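Data block below; observations after.
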Amino acid sequence: MKKKLKVCVYAISKNEEKHVNKWLESVKEADDIYVLDTGSTDKTVKLLEQGGCHVKVQEIKPWRFDTARNISLDMVPENTDVCVCIDLDEVLSKGWREKIENIWNDDCTRLHYMYYWKLDEQEKPITYFYLDKIHSRKGYTWKHPVHEVLTYEGKGIETFITTDKIILKHYPDTKKSRSSYLPLLELSVKEDPEDDRNMHYLGREYMFYEKWNQAIDTLLRHLSLKSATWKDERCASMRFISRCYQALNRPIEAEMWITKATEEAPYLREPWVEKALLSYHQNHYQEVIKNCEIALTINSKNRNYIQENFCFDSTIDDLLSISYYRLGNLDQAILHTKQAIEYNKEDKRLRKNLELLLKEKEN
């Protein structure tokens, strides 16, 4: 008879009262729930305690996500078999505990499960990938001040099991500031300049802040690291470099880097769509069509965090409809406008475009 597992949830919180009740309902299948609150000024702590959680209140100064995560993990008893790290703006699918019980074995140390990072209004996933914050109690620690990663330092071999049956949904509070991320990423890279993941994240963050030259320099450093071998992430750095050069009005460099991106990971839609967008801004409509057609041959999303939603929405058909129109092919322009509308039936611009195209065809 299979041994019954002791399963505990652990988390960090700060001013999450709007999420607490939904979160508690999601995690109630656990044997125990442990939360480190890092200084809430609302009812978060009270609501968690009323919900039966073990709550510890401790401010972390200077703030680091890894420090907070490790303190919350330390709250979990040593005799726990499975730890489930879940933030308060996330919700686990019902029956997750039973699914863990069914697939966990003595050799397993960690699970890969499905994470719906962004949902549409019907709660269908827009951005989704595998996450791995369900793990054995011993041998794990969190590292890095931000974009912290769960690192295995235990004895023996780390062993994963992957399942699509456990789903975690993300309901972010868009009003919360992420202004601390940039200085924490700079600190993270300073502490570990050879970490390729954080170097990529820092370059991306500079791009978000429109610090174009700093972004380019940092992303080039990422590409130069010996450990930067994951083609998907390398391709993303190249795409971001291209975007920065576009912003700096340097189209030759922008085109060179987006071409490098297509060569680095030709199996991804993202570089082809971005190349099409660059061609569109340069009025090279034949190139737009060529790159969009290549993108459309790639049907599957990569199941990691490097996804661009615009590569799987109406963007491709929108680009094709305009490009075909500019080249005088009215039938193809109408066809792709209709297909673009299928992604977003309420888009007034697309509907107006279709109306004008149909009128022109009639004349």
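What accessible area, in Å² to the nearest ten, does a 1.4 Å probe give for Lys14?
Ignoring ligands and nucleic acids, Lys14 comes out at about 100 Å².
How big is the gap, in Å, between the Cα center of segment 5-69 and the Cα center of segment 279-311?
41
Can you give the relative contact order of the chain as a percent, counting alpha carbon pairs under 8 Å and 6+ residues apart?
Numbers: 603 pairs, mean separation 38.4, N = 363.
Value for the chain: 11 percent.
Determine the calculated [θ] at 222 nm for the chain from helices alone, applying -39500 (n - 2.57) to every DSSP H run no shorter than 4 residues and normalising by the residue count; nearest 500 deg cm²/dmol.
On the way: 14 runs with 170 residues, N = 363.
Theoretical 222 nm ellipticity from helices: -14500 deg cm²/dmol.
What whole-number value in cubic angstrom gives the convex hull volume per residue for the C-alpha atoms of segment 1-138?
Numbers: hull volume 16.9 nm³, N = 138.
Looking at segment 1-138, the number lands at 123 Å³ per residue.
Each residue of segment 342-351 in turn: what ³J(HN,Hα) in whole Hz from Karplus with 6.51, -1.76, 1.60 and θ = phi - 60°, glycine and Pro shown as x?
Karplus-based 3J(HN,Hα) across segment 342-351 equals 4, 6, 8, 5, 9, 6, 5, 5, 4, 5 Hz.
Residues with amide H under 5 Å of Val57's amide H, sequence separation 5 or more or different chain, H placed in the peptide plane at 1.01 Å from N; which?
For Val57, whose amide H was placed from the backbone, the distant partners under 5 Å are Asp37.
For segment 251-363, with equal point scatterers placed on the C-alpha atoms only and solvent neglected, what are the log10 I(q)/I(0) values from the Debye formula at q = 0.14 1/Å, to two decimals?
After summing over all Cα pairs, the log10 values are -0.58.
Amide H of Thr151 versus every other amide H placed in the peptide plane: which residues, excluding those fewer than 5 positions away on the same chain, fall under 5 Å?
Excluding prolines and chain starts, which carry no amide H, the hits are Thr141, Trp142, Lys143.
Provide the per-residue ³J(HN,Hα) series for segment 130-135, in order, calculated from phi with Karplus coefficients 6.51, -1.76, 1.60 and θ = phi - 60°, each as a whole number of Hz, with x at glycine and proline positions.
Coupling constants for segment 130-135: 7, 10, 9, 9, 9, 8 Hz.
Taking the solvent-accessible surface of protein heavy atoms with a 1.4 Å probe, what is the per residue accessible area of the chain in Å²? Don't skip to the answer; put the middle values down first.
Working: 18660 Å² over 363 residues.
About 51 Å² of surface per residue is accessible.
Roughly speaking, what is the stretch gain from Phe310 to Lys22, that is 0.36 nm per residue apart minus the C-alpha to C-alpha distance, in nm to one decimal?
Stretched out fully, the Phe310 to Lys22 stretch lengthens by 100.7 nm.
Ranked highest first by the average count of other Cβ atoms within 10 Å around their residues, in what order do 288-301, 199-212 fall?
Top of the packing list down: 199-212, 288-301.
Heavy atoms only, probe 1.4 angstrom, no DNA, RNA or ligands counted: give me Asp37, Asp347 ranked by accessible area, highest first.
The most accessible residue leads, giving Asp347, Asp37.
Normalized C-alpha radius of gyration of segment 231-293, against 2.2 N^0.38 Å?
For segment 231-293, the normalised Cα radius of gyration is 1.00.
Can you give the local net charge around Asp31? Use residues other than it whose beta-carbon is closer than 10 angstrom to its beta-carbon, Lys and Arg +1, Asp and Glu -1.
For residues surrounding Asp31, the net value is 0.
Heavy atoms only, probe 1.4 Å: what % of the accessible area of the chain goes to carbon and sulfur, would you let me know?
Carbon plus sulfur share of accessible area: 49 percent.
With labels modelled as points extended 7 Å from the Cα through the Cβ direction, what inter-label distance (nm, one decimal) is found for Asn363 paired with Lys3?
7.9
Figure the gain on full extension for Glu153 and Lys46 (residue separation times 0.36 nm, minus the Cα-Cα span) and round it to one decimal in nm. List each step's numbers first, then the result.
Numbers: separation 107, 0.36 × 107 = 38.52 nm, distance 3.51 nm.
Length gained between Glu153 and Lys46: 35.0 nm.
Around Thr162, which amide H atoms from residues at least 5 apart in sequence, or from another chain, sit under 5 Å from its own amide H, with H modelled in the peptide plane?
Counting only residues 5 or more places away or on other chains, the set is His112.
The values are calculated or read from the model by the stated rules, or taken from the named source; none is laboratory data. Everything numeric here is computed off the predicted structure, so don't read it as measured data. Please note: Cβ atoms are built from the backbone with ideal geometry, for glycine as well, and neighbour counts cover all protein chains shown. For accessibility, only protein heavy atoms count, side chains too; no ligands or nucleic acids. Shrake-Rupley method; radii C 1.70, N 1.55, O 1.52, S 1.80 Å.
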